[in-house]
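Asks: Before I ask anything, here is the structure I am working with.
The values are calculated or read from the model by the stated rules, or taken from the named source; none is laboratory data. No experiment lies behind these values; they were computed from the predicted model shown. Cβ atoms come from the backbone with ideal geometry, glycine included; neighbour counts cover every protein chain shown. Note: accessible area is taken over every heavy atom of the protein model, side chains too, but ligands, DNA and RNA are not part of it. Shrake-Rupley method; radii C 1.70, N 1.55, O 1.52, S 1.80 Å.
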Amino acid sequence: MATRKKTAKNAAKKAASKKAPKYVYTWGAGKADGHGKMKELLGGKGANLAEMTLIGLPVPSGFTITTEVCTYYYDHKRTYPKVLRSQMEAGVANMEKIMGYKFGDAEGFPLLLAVRSGARDSMPGMMDTVLNLGLNDATVESLAKATDNERFAWDCYRRFIQMYGDVVLGVQKTPDEDHEPFEHVIESYKAKTYGEDIVDSELTAEDNKALVAAFKKLVLDRTGQGFPDCPWEQLEGAAGAVFSSWMNDRAIVYRRKYGIPAAWGTAVNVQAMVFGNTGSNSGSGVAFTRNPANGENELYGEFLVNAQGEDVVAGVRTPDAVAGMAEALPKAFKDLMKVRKILEKHFKDVQDVEFTIQDGKLYMLQTRNGKRTAAAALKFAADMVKEKLIDWQTAVLRNPADQLDQLLAPVFDVAEVKKATIIAKGLPAGPGAASGKIYLNADRAEAAANKGEKVLLVRVETSPEDLRGMIAAEGILTARGGVSSHAALVARQMGKVCVCGASGVDVDYENKTVKAGGQVFKEGDFLSIDGTAGTVYGGALATEPSEIITGLIHGKKASQKTEKYQNFVQLMEWCAAATKMGVRTNADTPEQVKNAVAFGAEGIGLTRTEHMFFEGDRIDAMRQMILAENEIDRKKALKKLLPHQRKDFFGIFKALDGKPATIRLLDPPLHEFLPHTKEQQMDLARTIGVKVETIMQRVHDLHEFNPMLGHRGCRLAISYPEIAEMQAQAIFEAAAQCVKKGIPVEPEVMVPLVGYARELELQVNIIHRVAEEVMAAKDVKFKYLVGTMIEVPRGAVTADEIAEHAQFFSFGTNDLTQTALGVSRDDMGSFLNSYTENDIYPKNPFASLDTTGVGQLMEIAVEKGRSVRNGIKLGICGEHGGDPDSVTFCHKLGLNYVSCSPYRVPVARLAAAQAAINDGSAPKAARKAKKKSTRKATKKAKK
Ligand code: PEP
Ligand code: MG
């Protein structure tokens with residue numbers, strides 16, 4: 001008996017484990033299978049529709065087909081799991097029950113469906129949507145009857161055939177067509193019937209009937225097949241099209257730009273249609289719960305009466321501001337304001353919503369965290385902490401590190417703007433100032449930008465096909481479309497300056513001209529746009545720095561009073577409280593040091609001393625040194641350089657006021673300092689009194705086939721130790737001067753390109769000897785460190801041997817990437833695109849660390865270095881020190897600091913703080929650190 005029971009239990013268990021996976025998650029009438037935290041499986045849209053349903057908001061019922069089906073679809077030659085159809089049928093039945101309509105009902109009100117994509121991270125406009133699905137020649141009649149609105153029913157049917165024909169059946173513009181084929185049919189019909197371009201909402205039932213017939217003919221002509229009548233065939237076709245759109249060109253380009261893995265896949269959301277196009281008591285809109293351009297706490301968005309959602313975002317009709325709804329549909333507006341509050345309280349972030357009003361009743365169709373400019377992100381975060389919606393750590397995370405430099409971007413020079421005439425006005429859709437040569441097509445804009453031109457992309461309206469041109473452009477100007485149009489959304493996310501809906505701008509694609517303010521501009525002429533004010537100017541206007549720059553760097557009082565400045569300083573204070581990893585700067589002049597310190601740099605991580613050799617007549621002494629035939633002559637030339645270097649170092653130490661400075665000894669190959677043209681060589685011969693033939697011979701002798709791997713770095717000073725001697729002497733004499741003047745100093749002498757412990761040992765001996773000599777001669781004492789760059793793979797894997805002689809390591813990830821990948825950092829332009837497009841490089845490895853390859857070398861070096869010298873100081877000074885993802889990696893490695901160019905310092909500070917908050921190593925309370933750093937920041941700002 002017991003055994004039988006066991007067997008039955010096992011069988012049940014087996015059956016349960018064999019149970020088909022759940023591919024369809026329904027929601028509606030306050031209940032949902034999923035919830036907001038299931039974005040991986042349901043995509044962002046599906047998860048939030050479930051969540052909104054659960055919190056009692058008015059969401060039309062529907063279901064989500066999971067992202068697992070997308071993966072299945074691509075793994076199984078674009079077919080579906082067998083059980084999907086029955087689960088979808090159950091999903092539709094659930095909707096029918098809740099809505100009270102039947103899918104494909106030719107008698108009563110037919111249930112119509114919206115089919116939309118929904119990736120884990122939203123990808124606005126990149127994938128496809130089909131609305132009004134379920135209509136055919138029979139159901140359109142029952143819809144007309146049930147609503148007593150024939151015009152509405154045929155309007156829906158026309159829209160459906162157009163969308164389905166385009167998205168599912170592929171009836172699209174061919175390369176030699178100027179217009180979308182369906183639009184062309186509409187335009188010809190309007191011209192023939194009305195003799196003018198009336199708006200679509202003015203088309204009558206009869207017009208729409210005629211257009212439906214014309215569209216069906218177009219589909220037949222183009223595809224050789226009739227338009228599908230069966231609602232289920234339509235539904236499966238639409239779901240397949242959404243899954244297929246995951247791999248369309250624009251989605252791929254978008255994913256590459258935002259680092260979204262292809263493996264995530266998209267979900268498909270099938271939702272009962274509600275109709276914003278039933279008449280003047282209906283409408284559709286999109287809105288942000290706060291202003292995503294400037295961060296103001298106001299409902300922001302757009303709305304169109306008697307329209308479906310696509311009309312608002314497609315940019316075809318310029319919609320009204322959402323505030324206008326208060327008058328047009330007061331009850332629905334009041335409800336929307338209530339929903340706004342509920343959403344922010346629940347999601348604790350600014351939401352970007354889509355809604356429809358059908359006969360006066362509000363329905364929510366989507367909510368997601370709103371994309372925002374850096375300025376808006378800063379204000380949202382600061383305000384929400386004040387409103388006690390979020391804590392300070394969340395506020396730090398809410399500022400995207402890779403967008404922070406938008407806040408430092410220039411604005412137009414005020415004097416220039418006063419003089420300039422506004423030639424057109426549009427909507428301020430992406431803040432900042434940009435000027436550039438205009439291009440009216442994305443390909444030409446991209447090609448011009450690749451040639452190094454500053455480009456403005458000007459379009460009547462943008463579509464996702466323009467993405468490449470938008471990425472390449474400084475700014476985007478459109479004649480049509482609102483602040484939620486594709487152009488505006490994408491521009492804001494990319495941090496591009498954008499003015500849209502500038503109706504005074506007449507874009508003529510055929511003649512490649514733009515008319516505005518009575519002037520005609522040809523492609524290649526300059527325009528300037530102000531995406532904060534929404535204004536357009538002819539010509540190129542000069543720009544001026546942002547108020548954060550003027551406040552921090554120039555100490556301007558007026559700028560320091562602005563809210564943006566104060567929020568920025570507050571954010572940097574929170575960053576300081578969150579992380580232990582320091583941020584230093586790569587700087588070669590006192591001016592650069594001053595800027596970096598104002599941004600919060602804690603010292604210098606890299607001074608490239610060779611940059612100091614090019615100024616004034618120093619280059620002549622340098623060249624003399626290189627041309628010297630023996631040690632005595634070389635020393636003579638070096639003696640001339642010594643005072644210059646000493647003065648430079650003194651300036652830097654003074655600007656640092658006691659903060660540490662890592663100064664690297666000479667690194668580049670010597671040929672870089674010699675003149676290469678005949679005239680320059682003759683000039684030099686005259687200046688330093690050497691025969692031109694001698695110079696030519698030396699240039700010839702120093703020529704290297706691969707100078708990046710040649711006689712450079714510490715190899716120079718192994719051959720010519722007097723170079724290291726002179727540089728060490730200059731550094732220590734400058735340090736001695738500082739000590740005498742009461743200026744604290746902390747020099748760190750760094751030897752470049754070390755691969756062998758012995759290389760470093762030889763240099764370290766020289767440096768210590770010189771230090772002792774200087775201290776004795778000047779009768780002062782100061783502390784200093786001697787360390788090395790880790791920038792060749794041998795240096796990384798023998799870091800334990802090297803650490804015997806090094807008090808610190810700084811990862812030179814430019815060279816380390818170059819030598820680990822075997823790719824010249826200067827010559828990858830010709831293949832970088834094909835490498836990223838083929839998913840070999842996830843990103844340019846010289847911009848963002850190759851953490852799996854180069855990162856492993858770093859890990860080895862950290863471990864080996866610490867095994868010999870516990871507590872060895874570790875930093876990074878390659879370009880990666882200012883890249884947020886690379887900074888996160890450095891945090892995980894436990895480096896003491898990252899070093900980057902001065903203007904990247906805030907970005908690195910933010911990225912470092914976010915890394916600490918994300919892995920839980922940030923302290924919970926910011927208060928103490930906050931007060932301390934407030935004082936510091938104010939003091940800094942005063943200076
Ligand atoms: C590096 O190689 O990462 C580095 C900082 O040095 P440089 O770029 O001057 O070679
Ligand atoms: Mg290097």
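Asks: Write out, first by first residue and then by second, each pair whose Cβ atoms fall under 7 Å of each other, whose residues are 6+ apart or on separate chains, and whose first residue, in region 663-685, is without any contact (Cβ under 8 Å) to a residue 24 or more places away in the chain while the second is of a type in the set (Val, Ile, Thr).
Replies: 676/699; 681/692; 681/695; 682/692; 685/692; 685/695
Asks: For region 785-798, which residues satisfy the criterion of being over 24 Å from residue 737 (Cβ atoms), more than 16 Å from ligand 2 (Cβ to nearest atom) and among the aliphatic types (A, V, I, L, M)?
Replies: Within region 785-798, just 797 meets the criteria.
Asks: Test residue 271 against the criterion of being modelled with pLDDT of 95 or more, surrounded by 23 or more Cβ atoms within 10 Å (Cβ to Cβ) and in a strand (DSSP E or B), and give yes or no.
Replies: yes
Asks: Under 8 Å between Cβ atoms, which residue pairs at least 6 apart in sequence (or on different chains) link something in region 809-836 that is more than 16 Å from residue 861 (Cα to Cα) and outside any helix (DSSP H, G or I) with a partner that is more than 10 Å from ligand 2 (Cβ to nearest atom) and of a type in the set (Lys, Arg)?
Replies: Filtered contacts from region 809-836: no entries.
Asks: May I ask you to list the residues in region 661-693 that are of a type in the set (S, T, N, Q) and within 16 Å of ligand 2 (Cβ to nearest atom)?
Replies: 662 - this is the single residue of region 661-693 that is of a type in the set (S, T, N, Q) and within 16 Å of ligand 2 (Cβ to nearest atom).
Asks: Restricting to region 801-824, name every residue that is open to solvent by 10 Å² or more (accessible area, probe 1.4 Å) and more than 8 Å from ligand 1 (Cβ to nearest atom).
Replies: The answer is 801, 804, 805, 807, 819, 820, 821, 822, 823, 824.
Asks: Filter region 210-239 down to residues that are open to solvent by less than 40 Å² (accessible area, probe 1.4 Å) and β-branched (Val, Ile, Thr) and give me whichever is nearest to the chain's Cα centre (by Cα).
Replies: It comes out as 219.
Asks: Does region 771-784 contain any residue that is within 16 Å of ligand 2 (Cβ to nearest atom) and crowded, with 17+ Cβ neighbours inside 10 Å?
Replies: Checking region 771-784: not a single residue is within 16 Å of ligand 2 (Cβ to nearest atom) and crowded, with 17+ Cβ neighbours inside 10 Å.
Asks: Of all residues in region 829-848, how many are surrounded by fewer than 17 Cβ atoms within 10 Å (Cβ to Cβ) and within 16 Å of ligand 1 (Cβ to nearest atom)?
Replies: Within region 829-848, residues that are surrounded by fewer than 17 Cβ atoms within 10 Å (Cβ to Cβ) and within 16 Å of ligand 1 (Cβ to nearest atom) number 2.
Asks: Now, a different point. Being free of Cβ contacts under 8 Å to residues at least 40 places away in the same chain, aliphatic (A, V, I, L, M) and not in a loop (DSSP other than H, G, I, E, B), is that true of even one residue in region 225-247?
Replies: No, every residue in region 225-247 fails to be free of Cβ contacts under 8 Å to residues at least 40 places away in the same chain, aliphatic (A, V, I, L, M) and not in a loop (DSSP other than H, G, I, E, B).
Asks: So, in region 870-920, of the ones that are within 16 Å of ligand 2 (Cβ to nearest atom) and not in a helix (DSSP H, G or I), which residue ends up nearest to residue 550 (Cα to Cα)?
Replies: For region 870-920, the residue satisfying everything is 901.
Asks: A follow-up question, please. Within region 404-481, which strands (runs of 3 or more DSSP E) (wholly inside it) include 3 or more residues that are modelled with pLDDT under 90 and within 30 Å of residue 566 (Cβ to Cβ)?
Replies: 427-430
Asks: Is one or more of the residues making up region 774-785 within 13 Å of ligand 1 (Cβ to nearest atom) and either within 30 Å of residue 401 (Cβ to Cβ) or in contact with a strand residue (DSSP E or B) (Cβ under 6 Å, 6 or more places away or on another chain) (or both)?
Replies: Taking every residue of region 774-785 in turn, none turns out to be within 13 Å of ligand 1 (Cβ to nearest atom) and either within 30 Å of residue 401 (Cβ to Cβ) or in contact with a strand residue (DSSP E or B) (Cβ under 6 Å, 6 or more places away or on another chain) (or both).
Asks: Same structure, new question: Among the listed residues 56, 43, 28, which satisfies the condition of being crowded, with 16+ Cβ neighbours inside 10 Å, closer than 30 Å to residue 336 by Cα and more than 32 Å from the chain's Cα centre (by Cα)?
Replies: The match here is 28.
Asks: Just checking, does region 786-799 include any residue being at pLDDT below 95, surrounded by fewer than 21 Cβ atoms within 10 Å (Cβ to Cβ), in a helix (DSSP H, G or I) and within 16 Å of ligand 1 (Cβ to nearest atom)?
Replies: Among the residues of region 786-799, not one is at pLDDT below 95, surrounded by fewer than 21 Cβ atoms within 10 Å (Cβ to Cβ), in a helix (DSSP H, G or I) and within 16 Å of ligand 1 (Cβ to nearest atom), which makes the answer no.
Asks: Tell me whether region 355-368 contains one or more residues that are part of a helix (DSSP H, G or I), open to solvent by less than 10 Å² (accessible area, probe 1.4 Å) and aliphatic (A, V, I, L, M).
Replies: No, there is no match, as no residue in region 355-368 is part of a helix (DSSP H, G or I), open to solvent by less than 10 Å² (accessible area, probe 1.4 Å) and aliphatic (A, V, I, L, M).
Asks: Say whether the condition of being in the same structural domain as residue 735 (by TED's automatic domain parsing) and under 30 Å from residue 746 (Cβ atoms) is met by at least one residue in region 626-634.
Replies: no
Asks: Would you check which residues across region 283-340 are in a loop (DSSP other than H, G, I, E, B), of a type in the set (D, E, K, R) and buried (at least 18 other Cβ atoms within 10 Å of the Cβ) and list them?
Replies: 290, the sole residue that qualifies.
Asks: For region 752-762, indicate whether the set of residues that are within 16 Å of ligand 2 (Cβ to nearest atom), open to solvent by 20 Å² or more (accessible area, probe 1.4 Å), within 20 Å of residue 610 (Cβ to Cβ) and in the same structural domain as residue 887 (by TED's automatic domain parsing) is non-empty.
Replies: Yes, because at least one residue in region 752-762 is within 16 Å of ligand 2 (Cβ to nearest atom), open to solvent by 20 Å² or more (accessible area, probe 1.4 Å), within 20 Å of residue 610 (Cβ to Cβ) and in the same structural domain as residue 887 (by TED's automatic domain parsing).
Asks: Additional query: Just wondering, is there one or more residues in region 358-376 that are among the hydrophobic types (A, V, I, L, M, F, W, C) and more than 30 Å from residue 114 (Cβ to Cβ)?
Replies: yes
Asks: Hey, could you check region 195-209 for residues that are surrounded by fewer than 18 Cβ atoms within 10 Å (Cβ to Cβ) and of a type in the set (S, T, N, Q) and say which is nearest to the chain's Cα centre (by Cα)?
Replies: Looking at residues that are surrounded by fewer than 18 Cβ atoms within 10 Å (Cβ to Cβ) and of a type in the set (S, T, N, Q), I get 201.
Asks: Which strands (runs of 3 or more DSSP E) sit wholly inside region 504-622 and have at least 3 residues that are modelled with pLDDT under 90?
Replies: No strands (runs of 3 or more DSSP E) qualify here.
Asks: Of the conditions (1) more than 16 Å from ligand 1 (Cβ to nearest atom); (2) over 20 Å from residue 634 (Cβ atoms), residue 709 satisfies every one except a single condition; which number is it?
Replies: Of the numbered conditions (1) more than 16 Å from ligand 1 (Cβ to nearest atom); (2) over 20 Å from residue 634 (Cβ atoms), the odd one out for residue 709 is (1).
Asks: Taking the stated definitions as given, is residue 867 open to solvent by 30 Å² or more (accessible area, probe 1.4 Å), in the same structural domain as residue 591 (by TED's automatic domain parsing), part of a helix (DSSP H, G or I) and touching a residue at least 40 places away in the same chain (Cβ under 8 Å)?
Replies: yes
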